[in-house]
Every structure is written in C-alpha cells, then in structure tokens.
Amino acid sequence: MALDLGMPILVVDDYQTMVRIIRNLLKQLGFEEVDDASDGTAALARLKNRKYGLVISDWNMEPMTGYELLRHVRADENLRTTPFIMVTAESKTENVIAAKKAGVNNYIVKPFNAATLKSKIEAVCGA
Amino acid sequence: MGLAVKARSATPAPEKPSLIRELVDIADYISHVRNEIAALRANELTRDRLPMAHEELDSVVQATNAATNSIMNAAEEILCLPDDRNYRAGVEARMNDIFEACTFQDITGQRIRKVVDALRQLETRLSRFATAVKARDEAGIDPAEMERRMRDELLILNGPQLKGPATPQDAIDALFD
C-alpha cells in the first residue's frame, strides 16, 4: 500500500532544530502537512483538535515526556490507533522495551538519517 | 597544715597541661581550617569564575544556535533553488555560508576549554579543602536530587549514552520485526 502523502503528521520535540530537520526530511519524502509541538502536553492539545496520520515524538521533554504522551495516546479511545514513532537519544534496551509495551509502533535512535526515517514511516503507515 | 600544702603541691593537676594541649590543638586546627578556607578562595569563585562559566556556556549555546540556523537556512535554500543555469553558483554561495557558519566551532571550543579549566580548578580546591578538614558528606541524598532521580527512574530518562547509542538501531529493529 502506498503512503498517504496528504496525511497530517505531528512532530513533537522540544529542540526546534530537530523539529526543523524532521520537517525537512518529511518534506523531501513528500509530506506537506506537518505540525509540531514542544512537549507531550502541547501535543495532546493538538491531537484533540486534529486527526493525525502519524505522531513522531522525542522522549525526553518537559513537562510531559514522549513516553507519557504515548501512554496518554494509547489510553485515549479516540487516539489509541494513531501510529506513533519514537525518535530519541534514549537508546537503552529498557527504554525500547518500555515503549514497545506502551504501544509504540516503531523506535528510531538519534542521530538518524533520512533513509531510516523513511523506512520506519513506510513500516508503520505503508504496510 | 604544712603537710597539706606539701601534699597539694606534690600532686600535680594532670588535667591542666592536657587541657592546654587540647586548646592549643584546637587553635591550631582552627588556624589550619582558616588557611584552607582562604585557599578555597570562595569569593573569587562565586564572584568571577562561576559567573564566567555561566556566561561562556550561554555564549556557546547562542553560537551553536546561530550556526545551526545559518546552516539550516542555507540547506533549505539549496533545496528550493530552481534547476537552471544559475544553480551551481547558487549552491556555491550557500556552501560558503555553511563554511562560514562552521567557524563557530573554533570559538566555542576555546570557550568550553575556559569552562573546563574553571571546573577543574574548583574541583581541585574543593578536593583539597575536603581532605584538609576531613569533610564527610551528610548521610542520605539531597531532597531535590532525590526528586530528580525518582522522576528519571519513573519516566525512564537515561539520557544519551557517552559512547553512542547503548542499543544499535539494528538491534532495536529486531524487536519490532
């Protein structure tokens, strides 16, 4: 199944440069509808106002981390099926396993490249 | 009576020299601690060195932000260049902007070295002071530190690893296959 390039994507990261990098990579992949939020709380507010085809989130943010955001999303009846990719420098196995248990669809360790991001989006949204 | 006087002078009070010795020891110790406190140069640290370290690190953050923005701007402009005969010149101009932005590293490197030197000096002085006064840390953990640790543990905040990712991407991918 081909990727839906028109689907809105929410990028959640407190580091504006990373948001910009992911935005540019997504643009190169053909995605134009990209919103961003600087932490889990701001992301939840956005998720309640718009239906997103994918959430790409960092882990370590304040006040609400990406891990907490993931658990909120999976606990919310209206959001629980939203594809969720964690993009983070948290690379310990315990983090990956905790995120997987919480329902993350894929996990990318920073630093990453465009090919990795593309393959994970395809795996999560294109299958 | 004469006997009594004789008996008193024949029995020397043993506490007196010992007490004097103790007082002398305490005075020596206080003097030693005062010297060590002076060697700590706490006023110089709080007035000059630590504010300098703050300022230098703030400058580093600002310089890296500015450089990153310049590089990102140039890269985004390259992506938007029209594919015409001016394309190469346009790319070269932006590449020069990128080279120029990368010069931040020389200056930030020097700034960071100053901060590292200041921290090393602080560490040396504190370590010397702790040894001199035989300082022992208060039992238990600082409440603020305890709170931070509990949050980190609860939210599994390990932070980036020093020598690259703890789990390579391939191993993570295997968990999702």
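A few comments on the model shown:
- Qualifying residues in the stretch B:159-172 (those that are under 19 Å from the mean Cα position of the chain (by Cα) and surrounded by 11 or more Cβ atoms within 10 Å (Cβ to Cβ)) - the one modelled with the highest pLDDT: B:GLY159
- Wholly within the stretch B:60-162, helices (runs of 4 or more DSSP H) carrying at least 3 residues that are under 24 Å from A:GLU62 (Cβ atoms): B:143-154
- All of (1) within 30 Å of B:THR131 (Cβ to Cβ); (2) modelled with pLDDT of 90 or more; (3) not charged (D, E, K, R) hold for B:ASN65 with one exception: (1).
- Number of positions in the stretch A:71-98 that are part of a helix (DSSP H, G or I), touching a residue at least 24 places away in the same chain (Cβ under 8 Å) and away from every other protein chain (no Cβ under 11 Å): 3
- Filtered by the rule that a residue be charged (D, E, K, R) and either loosely packed, with under 12 Cβ neighbours inside 10 Å or not assigned by TED's automatic domain parsing to the domain that holds B:SER70 (or both), the stretch B:86-122 gives B:ARG88, B:GLU92, B:ASP106, B:ARG113, B:ARG120.
- Only one entry in A:GLU62, A:GLU90, A:GLU68 is under 26 Å from A:ARG50 (Cβ atoms), crowded, with 18+ Cβ neighbours inside 10 Å and of a type in the set (D, E, K, R), namely A:GLU68.
- Residue within the stretch B:146-153 that is over 20 Å from A:GLU90 (Cα atoms), away from chain A (no Cβ under 14 Å) and surrounded by 12 or more Cβ atoms within 10 Å (Cβ to Cβ) present: no
- Looking across the stretch B:73-85 at every residue that is charged (D, E, K, R) and surrounded by 13 or more Cβ atoms within 10 Å (Cβ to Cβ), the one that is nearest to the other protein chains (Cβ to nearest Cβ) is identified as B:GLU76.
- Considering (1) in contact with a helix residue (DSSP H, G or I) (Cβ under 7 Å, 6 or more places away or on another chain); (2) more than 10 Å from chain B (Cβ to nearest Cβ); (3) farther than 19 Å from A:LEU47 by Cα, the lone condition that A:LYS101 does not fulfil carries the number (1).
- Residue within the stretch A:55-69 that is among the β-branched types (Val, Ile, Thr) and out of contact with any Phe, Trp or Tyr (no Cβ under 9 Å at 6 or more places or on another chain) present: no
The values are calculated or read from the model by the stated rules, or taken from the named source; none is laboratory data. Computed from a predicted structure; not experimentally measured. Counting neighbours? That spans all protein chains shown, and the Cβs are built from the backbone with ideal geometry, glycine included.
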